[in-house]
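Undergrad: Okay, handing you the structure first.
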Amino acid sequence: MPQVSVHVAQRSYQARIENGLLARAGTLLGDLLPQASKIFVVTVAPVRRRWGTKLLRSLNSAGFKPQVIQMPDGEPAKRLKTIETLAERLIRLGADRKAVLIAFGGGVVGDVTGLLASLYMRGVELVQMPTTFLAQVDASIGGKTGVNLGAGKNLLGTFYHPRIVLIDPELLGTLAKRAFRAGLYEALKCGIIGDVDLFLRFESKRAQILARDSVEIEGIIAQSVKLKAEVVSADEQEGGLRRVLNLGHTIGHALEAETGYKTLLHGEAVAWGMVAATNIALAVGRTDSVTAGRIADAVLSLGRLPELKVSARKILARLQADKKTQGGVVHFVLPREIGKVEIASDVPDNVVINAVEELRRLSRGGWGK
Ligand SMILES: NC(=O)c1ccc[n+]([C@@H]2O[C@H](COP(=O)([O-])OP(=O)(O)OC[C@H]3O[C@@H](n4cnc5c(N)ncnc54)[C@H](O)[C@@H]3O)[C@@H](O)[C@H]2O)c1
Ligand SMILES: [Zn+2]
């Protein structure tokens, strides 16, 4: 089974990636956490309905007596109020310092449960069991937890690492097509920033990937997790290197905010952001046209992305406003070659405007399927 180690100051831990892992979760956790007093599975209704029974069966057969705590589904539930409600539930259910929380869901469940685990009785054990593509390749690795404030996303949070990350790609079988594709863009991002083989896989196995071929998907997840784990192990708290993971996110976040978080999934916004970053890299001479063409093709050939009707000037204004929170400079992660990126802080405004206008034009065009 592919295993990836994450090395951080607090502790090192494994991410295991394997089709069918869900059924073995109980045995694995029994070996890893023999002292666990009680196990609490934090989840949402859609995940519980599809996969809950299987997980509970596995935990029960290993001798645990798991209890399920359901939280409301979706991004609006990523608030401090949810943490308090869940903590009150834990108290009522008798959770003590030796309790173990399993985050069983997408990135929202992972972020909320991670924050809860870091705060409850000053910290209890956490297991991440991500069930969306985005959470399997990205959110479950790296120890960032958080909830949103009215002023913006992820403004309250902690760094808190799980004991283990259990990734079962089979769980993606019940994901909607659009959500599945949105996760693919984050995996492709890992290829562009640091894994040439992963990028080549997207170029040569596109049809199999889109058909969710289980070998390809397991491989893509393992490679993406490895890349993220390496970056996080080298720079746990985003001092420098970790910023490369933000490829496509500078403009992507601005697009998400400008469209009110309604028309674009996060991965789709990142996809557009990566195309923009590639065009910017070409315009400022950081990359060549062959590389830029390959990256744009790899992104755009995964399928049609939602049309963008945003104003390029408004996107620029958002980047300028963000600048205040980022030490006065807008940083762009720009692709240099396949597998190599660099951080640039000297991109002229007109280049950004042109890149966003190009996205609008592309989004109306006839590419993709
Ligand atoms: N901590 C990090 O490093 C990090 C990194 C990236 C993103 N995030 C966060 O992750 C969140 C987004 O995560 P997401 O895209 O997973 O969204 P999500 O958690 O809201 O899940 C999306 C939807 O898929 C459903 N779902 C989950 N698993 C399913 C399955 N196997 N089958 C069918 N439906 C399923 C959920 O119920 C939900 O309705 C954002 O809040 C973002 O800020 C965190
Ligand atoms: Zn992202």
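Read-outs: derived from the displayed coordinates by stated rules, not from any lab. Not measured: the values here are computed from a predicted model. Cβ placement follows ideal geometry from the backbone for every residue including glycine, while neighbour counts extend to all protein chains displayed.
Undergrad: Rounded if a/c is under 1.5, else prolate if a/b beats b/c, else oblate: with a ≥ b ≥ c from the C-alpha gyration tensor eigenvalues square-rooted, which is segment 257-339?
TA: It is oblate, given that a/c is not under 1.5 and a/b is not larger than b/c.
Undergrad: Can you sort 357, 268 from fewest to most other Cβ atoms within 10 Å of each residue's own Cβ?
TA: Ascending Cβ contact count within 10 Å gives the list 357, 268.
Undergrad: Among 332, 202, rank each residue by its count of other Cβ atoms within 10 Å, from fewest to most, as a rough exposure measure.
TA: Ordered from fewest to most neighbouring Cβ atoms within 10 Å, 332, 202 come out as 202, 332.
Undergrad: Whole number please: convex hull volume per residue of the Cα set in the chain, in Å³?
TA: Enclosed volume per residue, from the Cα hull, is 123 Å³.
Undergrad: Another question, then. Which one of 270, 260, 300 has its Cα pushed farthest toward the positive end of the charge dipole of segment 259-322, where Lys and Arg give +1 and Asp and Glu give -1 at the Cβ?
TA: 260
Undergrad: Taking every DSSP beta bridge that has both residues in the chain, what percent is antiparallel when rounded to the nearest 5?
TA: If I count the DSSP bridges inside the chain, around 40 percent turn out antiparallel.
Undergrad: Pick from 127, 270, 347 the residue whose mean-square fluctuation is largest in a GNM of the chain, springs joining Cα atoms under 10 Å.
TA: 347
Undergrad: Determine the calculated [θ] at 222 nm for the chain from helices alone, applying -39500 (n - 2.57) to every DSSP H run no shorter than 4 residues and normalising by the residue count; nearest 500 deg cm²/dmol.
TA: Rounded to the nearest 500, the figure is -14000 deg cm²/dmol.
Undergrad: Taking square-rooted eigenvalues a ≥ b ≥ c of the alpha carbon gyration tensor, is segment 2-138 rounded, prolate or oblate, where a/c under 1.5 means rounded and, failing that, a/b exceeding b/c means prolate?
TA: Verdict is rounded for segment 2-138.
Undergrad: Measure out, as a whole number of angstrom, how far apart the alpha-carbon centroids of segment 1-54 and segment 105-159 sit.
TA: The two parts, judged by their Cα centres, are 15 Å apart.
Undergrad: Go ahead and run the numbers for FRET between residue 361 and residue 91, Cβ-Cβ distance against an R0 of 51 Å, rounding to 0.05.
TA: Approximately 0.40, to the nearest 0.05.
Undergrad: Once you have a ≥ b ≥ c as the square roots of the Cα gyration tensor eigenvalues for segment 142-292, tell me rounded if a/c is under 1.5, and otherwise prolate or oblate according to whether a/b is larger than b/c.
TA: Note, shape of segment 142-292 comes out rounded.
Undergrad: Mind checking the full-extension length gain between residue 61 and residue 156? Use 0.36 nm per residue of separation minus the Cα-Cα distance, one decimal, nm.
TA: Full-extension gain reported as 30.5 nm.
Undergrad: Follow-up question, since we're still on this one. Non-local amide H neighbours of residue 68 (under 5 Å, H modeled in plane, Pro and chain starts lacking H): which ones?
TA: 41
Undergrad: Hey, in the GNM for the chain with a 10 angstrom Cα cutoff, which one of 172, 155, 241 fluctuates hardest?
TA: Highest fluctuation of the listed residues: 155.
Undergrad: Determine the gain in length on full extension of the stretch residue 53-residue 178; use 0.36 nm per residue of separation and subtract their C-alpha separation, reporting nm with one decimal.
TA: Stretched fully, the residue 53-residue 178 segment lengthens by 42.5 nm.
Undergrad: Starting from 0.36 nm per residue, how many nanometres of slack lie between residue 98 and residue 263 once their C-alpha separation is accounted for?
TA: My answer for the length gained is 55.2 nm.
Undergrad: Okay, moving on. I want to check the label-to-label distance for residue 290 and residue 314. Put each point 7 Å from Cα in the C-beta direction and report it in nm to one decimal.
TA: Placing both labels 7 Å along Cα→Cβ, they lie 4.1 nm apart.
Undergrad: Obtain the nm distance between the two label points defined at residue 301 and residue 3 by a simple spin-label model: each point lies 7 Å from its Cα along the Cα-to-C-beta direction.
TA: Taking the two extended label points, one gets 3.6 nm.
Undergrad: Scan around residue 304 for amide H atoms under 5 Å from its own, H built in the peptide plane at 1.01 Å from N, and keep only partners 5 or more places away or cross-chain.
TA: Residues meeting the criterion, in which the H sits 1.01 Å from N, are 369.
Undergrad: Residue by residue, what Karplus-based ³J(HN,Hα) values in Hz, rounded to whole numbers, does segment 29-34 have, using 6.51, -1.76 and 1.60 with θ = phi - 60° and x for Gly and Pro?
TA: Karplus-based 3J(HN,Hα) across segment 29-34 equals 6, x, 5, 7, 10, x Hz.
Undergrad: Scan segment 235-265 for trypsin sites (Lys or Arg not before Pro) in coil per DSSP, keeping those whose Cβ has at most 16 other Cβ atoms within 10 Å, and list them by number.
TA: Passing both the DSSP loop test and the Cβ count: 262.
Undergrad: Residue by residue, what Karplus-based ³J(HN,Hα) values in Hz, rounded to whole numbers, does segment 16-26 have, using 6.51, -1.76 and 1.60 with θ = phi - 60° and x for Gly and Pro?
TA: These are the phi-based 3J(HN,Hα) values: 10, 10, 6, 4, x, 4, 3, 5, 9, 4, x Hz.
Undergrad: Further question: Using the Karplus curve 6.51 cos²θ - 1.76 cosθ + 1.60 with θ = phi - 60°, what ³J(HN,Hα) values do you get for each residue of segment 132-147, in whole Hz, with x for Gly and Pro?
TA: With coefficients 6.51, -1.76 and 1.60, one gets 10, 4, 4, 6, 6, 8, 9, 5, 7, 10, x, x, 7, 10, x, 10 Hz.
Undergrad: Also, I was wondering about something else. Using the Cα centre as the reference, give the magnitude of the dipole from point charges on the C-beta atoms of the chain (Lys, Arg: +1; Asp, Glu: -1; all else neutral), rounded to the nearest 20 debye.
TA: Charge dipole of the chain: 1040 debye, to the nearest 20.
Undergrad: Shifting gears a bit: Please report 272, 51 as a ranked list, fewest other C-beta atoms within 10 angstrom at the top and most at the bottom.
TA: Final ranking by Cβ density, sparse to dense: 51, 272.
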